[in-house]
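See below for the structure under consideration.
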Amino acid sequence: MNNLKNIIPILLLMLTVSLSFGQRNGDWDKIRTLKIAFITERLDLSSKEAQTFWPIYNEYQAKREDLHEKGHTEIRKKLDASDNLSENDSAKLLDKYLQFEKEEEELEQTYLKKIQKVISAKKTLLLIRSEGDFKRKLIKQYRDKHKNNK
């Protein structure tokens with residue numbers, strides 16, 4: 001596991017460099033791969049845990065991405081143009097937004113409960129923290145790269 005700890009920062013750096021040259025879908029695939037490596041290192045799953053955890057987590061991520069796409073197309077684009085909406089249309093859009101947020105929260109609760117059954121509550125909390133840590137590292141790498149290019 002120590003080797004993996006040394007590799008992840010290098011992989012993150014390589015990712016940020018390649019993001020500026022790669023295709024959009026390829027970039028997301030690279031990010032997913034790095035996220036899997038990051039979570040794998042952090043959770044230190046046994047082989048039995050990994051066999052049951054990853055299918056559940058991957059299903060959760062797929063449903064989460066689908067929900068985000070749906071939310072983006074149905075809500076976010078209209079939200080950007082909300083200055084031009086009537087009060088009635090604004091109320092409808094707000095209702096859709098709140099429903100989207102509720103669906104997102106319900107999805108997260110459902111899958112965190114499923115995950116807890118296969119890897120323990122402690123590792124589930126570590127997963128939540130690790131996802132946040134990964135996002136922060138990725139954003140920091142991106143900002144540092146763009147800061148150095150100015």
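When the residues of segment 91-112 are filtered to those that are under 17 Å from the mean Cα position of the chain (by Cα) and of a type in the set (A, V, I, L, M, F, W, C), the one that is farthest from Glu74 (Cα to Cα) is Leu112. Among residues of segment 125-150 that are more than 30 Å from Lys114 (Cα to Cα), those with a beta-carbon under 7 Å from a residue that is assigned to a helix (DSSP H, G or I) at least six positions away or on a different chain give the pairs Gln141/Leu12; Gln141/Leu13; Gln141/Thr16; Tyr142/Thr16; Lys145/Thr16. In segment 129-147, is there at least one residue being surrounded by 14 or more Cβ atoms within 10 Å (Cβ to Cβ), over 20 Å from the mean Cα position of the chain (by Cα) and assigned by TED's automatic domain parsing to the domain that holds Thr33? Yes: one or more hits.
For segment 72-84, the criterion of being within 17 Å of the chain's Cα centre (by Cα) and on the phi < 0 side of the Ramachandran plot is satisfied by at least one residue.
Selection of segment 86-106 for residues being assigned to a helix (DSSP H, G or I) and of a type in the set (S, T, N, Q) yields Asn88, Ser90, Gln99. Restricting attention to segment 55-99, the residues that are closer than 21 Å to Ile128 by Cβ and among the aromatic types (Phe, Trp, Tyr) total 2. Residue under question is Tyr60, and the condition is that it be farther than 22 Å from Lys30 by Cβ and surrounded by 15 or more Cβ atoms within 10 Å (Cβ to Cβ); does it hold? Spelling it out, it is not the case that Tyr60 is farther than 22 Å from Lys30 by Cβ and surrounded by 15 or more Cβ atoms within 10 Å (Cβ to Cβ).
The values are calculated or read from the model by the stated rules, or taken from the named source; none is laboratory data. Keep in mind that what you see is a predicted model, and the values were worked out from it rather than measured. Here the Cβ is made from the backbone with ideal geometry for all residues, glycine too, and neighbour counts use every protein chain on show.
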